[in-house]
Amino acid sequence: MIDKIVFATGNEGKIKEIKEILADFSVEVVSMKEMNISTDVEENGTTFEENSLIKARAISKLTGLPALADDSGLEVDYLNGEPGIYSARYLGYDTDYEYKNNYIINRLKEAKVTERTARFVCVISLVLPDGREFVKKGVMEGQIGYEIKGENGFGYDPIFYLPKYGKTSAELSSDEKNKISHRGKALRGMKEVIVSL
Ligand code: IMP
């Protein structure tokens, strides 16, 4: 039974999400900020799995606590899986998403509807101080839209069109998105693991 987990992210939105998902369960999730740690772990893996494990291993080693870390991104089939693990750094970390999103739409100018398939992927890893490692993956399938639409969410949400909803993921409320999102699925998968430890 574990009672305290550190989440290896500086992203307050992600901390809030995991705290909500684990709220009914007696495990305390603390952020790196709450633990007064700031460290920049180099994400030099070649897959989402490797990158999330690299971060979780480093933070578990540093704190002596169970550590959770995630890695996520957008895979566009027409672009051979780009931006993938480079989603945050795509076209430069500081480049705004309006530019990144327009760039992707432009690269898909010639793509037919059936060629516009894409997915958001999220992998969450849990590393325990005794060396045990657990990995959970969540995927949300969709298409690259023809225009930027919606004000919610972040990053590539405004171009990620969900045919079933007739909306982009930036047009869903955060509750609606959490139910179907890659991150929501991976987090709920990891909750099963945490509850069983
Ligand atoms: P990470 O924080 O290293 O996992 O970076 C993931 C990057 O992938 C983000 O900076 C976004 O560009 C993109 N991304 C991941 N999940 C989402 C999502 O739910 N909506 C929009 N963009 C996302």
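Take every DSSP beta bridge with both residues inside the chain and express the antiparallel ones as a percent of the total, to the nearest 5. Walk me through the numbers before you get to the answer.
Working: 26 of 32 bridges.
Roughly 80 percent of the beta bridges in the chain run antiparallel, per DSSP.
The modelled label-to-label distance for the pair Leu197/Lys4, using points 7 Å beyond Cα in the direction of Cβ, is 1.4 nm. Which residues make up the longest stretch of the chain clear of chymotrypsin sites (Phe, Trp or Tyr not before Pro) that lie in a DSSP loop with no more than 15 other Cβ atoms within 10 Å, not counting the sites? In the chain, the maximal stretch lacking such sites is 26-92. For the pair region 142-197 / region 74-141, the C-alpha centres are spaced 12 Å from each other. Per-residue surface analysis assigns Arg188 an accessible area of about 90 Å², computed on protein heavy atoms at 1.4 Å probe radius.
Per-atom-type breakdown for the chain gives carbon and sulfur 49% of the accessible area (1.4 Å probe, protein chains only).
With the simple spin-label model, which puts each label point 7 Å out from Cα in the Cβ direction, the Val139 to Glu176 separation comes to 2.4 nm. Compared with the direct C-alpha span, the chain from Asp40 to Tyr146 gains 34.5 nm at full extension, assuming 0.36 nm per residue.
In Å², what does the accessible area per residue of region 4-196 work out to with a 1.4 Å probe? Please list the in-between numbers first.
Working: 9920 Å² over 193 residues.
It amounts to 51 Å² per residue over region 4-196.
Projected label points at Glu110 and Val30, each 7 Å from Cα along the beta carbon direction, are separated by 5.5 nanometres.
Please work out the FRET efficiency for the pair Leu79 and Ala23, using the Cβ-Cβ distance as r and a Förster radius of 41 Å; give the result to the nearest 0.05.
Numbers: r = 38 Å, r/R0 = 0.92.
The computed FRET efficiency comes out at 0.60.
Over the chain, the Kirkwood radius and the radius of gyration, each from Cα atoms, give a ratio Rg/Rh of 0.99.
Pull out the extension gain between Leu62 and Asn11, defined as 0.36 nm times the separation in residues minus the alpha carbon to alpha carbon distance; nm, one decimal. Each step should come with its number before you reach the end.
Working: separation 51, 0.36 × 51 = 18.36 nm, distance 1.88 nm.
Contour length minus the Cα-Cα distance gives 16.5 nm.
Rounded to the nearest 500, the helix-only mean residue ellipticity at 222 nm of the chain stands at -9500 deg cm²/dmol, with each DSSP H run of n ≥ 4 adding -39,500 (n - 2.57). Through the Karplus equation 6.51 cos²θ - 1.76 cosθ + 1.60, θ set to phi - 60°, convert the phi angles of region 109-114 into ³J(HN,Hα) values in whole Hz; use x for Gly and Pro. For region 109-114, the Karplus curve yields 3, 8, 6, 6, 3, 5 Hz.
Rank these residues by their accessible area, most exposed first, probe 1.4 Å: Lys16, Lys55.
Details: Lys16 130, Lys55 25 Å².
Largest accessible area first, the residues go Lys16, Lys55.
Excluding same-chain neighbours fewer than eight residues apart, the lysines reachable from Lys179 by a Cα-Cα span under 21 Å are Lys14, Lys16, Lys19, Lys136, Lys137, Lys149, Lys164, Lys167, Lys191.
Taking 0.36 nm per residue of separation and subtracting the current Cα-Cα distance, fully stretching the chain between Lys164 and Tyr86 would add 25.3 nm.
The values are calculated or read from the model by the stated rules, or taken from the named source; none is laboratory data. In this text, all values refer to a predicted model and were calculated from it rather than measured experimentally. As a convention, Cβ positions derive from the backbone with ideal geometry for all residues, glycine included, and neighbour counts pool all protein chains shown. Ligands, DNA and RNA are stripped out before the accessible areas are found, and what is left, the full protein with its side chains, is counted by its heavy atoms. Shrake-Rupley method; radii C 1.70, N 1.55, O 1.52, S 1.80 Å.
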